[in-house]
Amino acid sequence: MKVADALPRLPNFSHAILVVRDDAGYPLSAATAFRVIDGGIELAPVKTGENVIRDAAGGALNPAGAGWRFVPRTARGWDEQDLSFPELCQRALPQARRYLVQLSAERGHEVRPQMALGWRFFLATRLPFLSATIVPVFLGLAAAGYDRRFSIGLALLTLLGGVAIHLGLNVANDIFDTLSGADEANFTPTQFSGGSRVLQYGLVSLRQMAIIASTCYAIAILIGLILVLATGPGLLWVGVAGVLISYFYTAPPLRLVHRGLGEVCVALGFGPIMTLGAYFVQTGHYALRPLVLSIPVGLLVMLILYANEIPDRGADAKAGKRTLVVRMPKDAVLLGYVASVAATYVVIILGVVLRILPWPTLLALLTAWLAYQTFEGLRAHYESPYQLMPFLGKNVKLHLYTGLLLVLGMLVATVSR
Amino acid sequence: MQTSIAPVNMPAPVVGLLQAALVAELTVVGEGGRLRTDPMIPFWDGRHILMTSSILFSRKLQDIKANPRVSLSLSDPVGVPANPFSRATIQGDARVIDEDLHQGWLRVLPLWEAKEPIIKTLLAPLQRLGLPLFWERAIIEVTPKRVLWWPQGDTTREPEVADLRGAPV
């Protein structure tokens, strides 16, 4: 903080704390009245018993005098209006690391922050975001059920495979965002953006993250191969596309998200690929209905990423992560949001009008109010990461509720068919 | 917090201030002898003044390890809602207790909860996930050596001074 910025703020304070070092070497602090005069500060003299308060030259200051004046050379301060407490904590991470390094040196072994294994896994894999996988898989299963084809065993394997690839993606994304510097440069992460931060906090090592990601991908590939054997080679292409998109989302050399393709990849991966894959596993063929069903959830899951990129855009730009939100001005970003939401509902309505989707899927239109609220929040708090958080949460719910209402619509239609 | 150790002869009005204080100003001797002051919430256990600091804001902890001499002011009429209001400064020797950053500081929690009941809500597992390093904390334990007390909070008047290393002055 500059002295010139600090001085005008001082009259907001009721008193000052004068700190000096006493003759015994102890700090001595005491409250006193003060006023700002001509770029300097005048303090009311403080009486401290036998302690002598001295000026910079070592001379004793007279506690019976009119006032003690000094000219400030440096200033430091924190105002939560300028810098939120969560951001202050993020900016303080290097100090925490320095302390842990010093403590490790004192003790002769590495000292790390602690967290229960389950919570570390929860945080590292970003488990709550699994709704992005569950919704399209359920939609594919619901579409297959509508066609009177359903195997619970294959359904569970499909879900497990989808979950594994999603968790692998989340962890790989953290690894590559850390290596590229994007997560390190982000001082305003929220629960929806900025990655899991487990690497930045030192809760999980890069090696452990690599092991988790590799294990998840291995499980996903193994399940994919079992499903290909069980249902036919037609699934292979969808599976391969899913794994490649997931891995190269942030991984070099493609780094799809750095090229403004992250949104499209997410829309494809958590839309048509998951839904059609789940449908194929049950029926052994592809069809138009699950494809149409997948488009709204693909668009809405894309909007989760898209909106989450709003608070991250500064750090992303620094790290060369040229997402759509980084590339476009605010108005264009908001227009893109509205257009995508509108396309979501138009696809559902057209699907019903063209008799591709059964009419109960129109239930999904009930979420339009939530979409409106989310848009208003994004518009109002575009520049305020932490005020955006509730609306980023609504955006996640928009995807979840719309998807689940589509599933419900398909189930109602299946039962009443 | 119950304590079995012998109480220090801290002046009663200052004990009252410590027990009421939601904010105190801790001054430590930093690198090159430069003084640094940070707001802290103080707790009194009958013998020591206890404070906790996250490792995020741990420069003061490093400074105390290098030079344990500290000063604590109880100065703010809002942050120290004692009635009648007065002001005090306590000089003492500090010790950093950081053997267990994750759990060790929880021994101060009953005193903290008594002053800030909301802290229990913030300690819920899902809440802690948001800022996990904020909850990796050390305890600063200050053994008081000298107390200056200004009865009406007016520091332009001479304070009452108690030297806790010996008889009251």
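Answer yes or no as to whether B:Arg59 is crowded, with 21+ Cβ neighbours inside 10 Å and touching a residue at least 24 places away in the same chain (Cβ under 8 Å). Taking the combined requirement at face value, the residue does not satisfy it.
Taking the stretch B:50-78 as the range and being more than 8 Å from chain A (Cβ to nearest Cβ) and of a type in the set (A, V, I, L, M, F, W, C) as the test, the residues that pass are B:Leu50, B:Met51, B:Ile64, B:Ala66, B:Leu74. The single condition among (1) open to solvent by less than 40 Å² (accessible area, probe 1.4 Å); (2) more than 8 Å from every other protein chain (Cβ to nearest Cβ) that A:Ala44 does not satisfy is (2). Of the helices (runs of 4 or more DSSP H) entirely within the stretch A:136-241, those holding at least 1 residues that are within 14 Å of another protein chain (Cβ to nearest Cβ) and not basic (Lys, Arg) occupy A:198-201. Taken over the stretch A:13-41, the criterion of being open to solvent by 80 Å² or more (accessible area, probe 1.4 Å) and either at pLDDT below 90 or in contact with an Asp or Glu (Cβ under 9 Å, 6 or more places away or on another chain) (or both) is satisfied by A:Ser14, A:Asp23, A:Arg35, A:Asp38. Only one entry in A:Ala319, A:Ala368, A:Ala315 is under 25 Å from the mean Cα position of the chain (by Cα), modelled with pLDDT of 95 or more and not charged (D, E, K, R), namely A:Ala368.
To keep it simple, each residue is scored yes or no on (1) open to solvent by 10 Å² or more (accessible area, probe 1.4 Å); (2) touching a residue at least 40 places away in the same chain (Cβ under 8 Å); (3) over 16 Å from the mean Cα position of the chain (by Cα); (4) under 22 Å from A:Thr74 (Cβ atoms).
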| site | (1), (2), (3), (4) |
| --- | --- |
| B:Val15 | yes, no, no, no |
| B:Leu22 | yes, yes, no, no |
| B:Val28 | no, yes, no, yes |
| B:Gly32 | yes, no, yes, yes |
| B:Asp38 | yes, no, no, yes |
| B:Phe43 | no, yes, no, no |
| B:Ile49 | no, yes, no, no |
| B:Ser54 | no, yes, no, no |
| B:Asp63 | yes, no, no, yes |
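Specify which of the listed residues (A:Thr188, A:Thr178, A:Thr125) is open to solvent by less than 20 Å² (accessible area, probe 1.4 Å) and not hydrophobic (A, V, I, L, M, F, W, C). Just one listed residue meets the conditions, A:Thr125. Restricting the stretch A:97-113 to residues that are surrounded by 14 or more Cβ atoms within 10 Å (Cβ to Cβ) and without any contact (Cβ under 8 Å) to a residue 24 or more places away in the chain leaves a set whose member that is nearest to B:Asp98 (Cα to Cα) is A:Leu103.
The values are calculated or read from the model by the stated rules, or taken from the named source; none is laboratory data. It should be emphasised that the depicted structure is a prediction, and the values quoted were computed from it without experimental measurement. Virtual Cβ from ideal backbone geometry, glycine too; neighbours counted across all protein chains shown. For accessibility, only protein heavy atoms count, side chains too; no ligands or nucleic acids. Shrake-Rupley method; radii C 1.70, N 1.55, O 1.52, S 1.80 Å.
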